[in-house]
Amino acid sequence: MTEPRRLILASASPIRATMLRQCGVEPEIVPARVDEAALKAGMVAESAKPRDIADALAEMKARKISQKHPEAVVIGADQVLVQGDRLFDKAETIQEAAEILRTLRNSAHTLLSAAVAYEGGEPVWRHIGQVQLVMRDFSDDFLADYITRHGDGLLATVGCYKLEEDGPALFSRVQGDYFTILGLPLLEVLAFLRTRRIATS
Ligand SMILES: Nc1nc2c(ncn2[C@H]2C[C@H](O)[C@@H](COP(=O)(O)OP(=O)(O)OP(=O)(O)O)O2)c(=O)[nH]1
């Protein structure tokens, strides 16, 4: 029996690691410390499509770690939130988070979660999951209570919500893959990992 391949998740995201572990996959966690803001700003300035930005950020993280660990399978990931032609960044303050939630209220937005796999410093697989979400027209009282309850937790995700917690209370409709909302096109990643005998067929 040959040794299963080494899998590295080039992400600091707790939920990405949890989703894989719940499916019996034990990735090593090696976050890629890259300047996402610089790449994102450059691509936005060139009017790049949001899906290309998510893909490029995921690829940048996977490539950096694969160059250090060429023998491993490395997965990089990134999630972007788009409303109309506006690309959102994570809030840096609770005030910014409140502003994002007010902007997303009573409207549709899209989450794009890209995953890119590298081996030997080269890209070998990629997938972008896309989900449409419609936030309901929640009251100012609801928003104030939501912000008070979550505090700095609002800064952890680009949409200031966690769907496995009380995030659903914000929405009137969600169309797409639950895992993509959490940050990883999990079903597609698992299918790829089975080709590398890292997940069990
Ligand atoms: N627990 C939870 N996390 C979510 C949800 N939606 C988005 N996220 C997280 C997944 C990612 O950790 C984060 C998306 O931001 P990024 O794609 O930039 O990843 P992050 O900065 O966390 O780590 P990385 O850049 O991969 O090292 O938001 C959700 O519904 N629940």
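Read the figures in this text as sums done on the coordinates, not as results from a lab. These numbers come from a predicted model, not from an experiment.
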Give the angle, between 0 and 90 degrees and rounded to the nearest 10, that separates the Cα long axis of helix 140-150 from the longest principal axis of the Cα atoms of the chain. 40 degrees
Tell me, Kirkwood radius of the chain from alpha-carbon pair distances, in Å? 17.5 Å
Scalar couplings 3J(HN,Hα) for segment 131-138 by Karplus 6.51 cos²θ - 1.76 cosθ + 1.60 (θ = phi - 60°), nearest whole Hz, x for Gly and Pro, are 10, 9, 10, 10, 7, 6, 8, 5
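Take a quick pass over segment 7-196 and tell me how many lysine pairs come in under 18 angstrom between Cα atoms, counting only ones 8 or more apart or on separate chains.
Details: LYS40/LYS49; LYS40/LYS61; LYS40/LYS64; LYS40/LYS90; LYS61/LYS90; LYS90/LYS162.
For segment 7-196, the number of qualifying lysine pairs is 6.
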Most mobile of ARG126, ARG102, ARG86 per a Gaussian network model of the chain (Cα springs, under 10 Å)? ARG86
Sequence gap at least 6, Cα distance under 8 Å: using those rules, report the relative contact order of the chain to the nearest whole percent. 22 percent
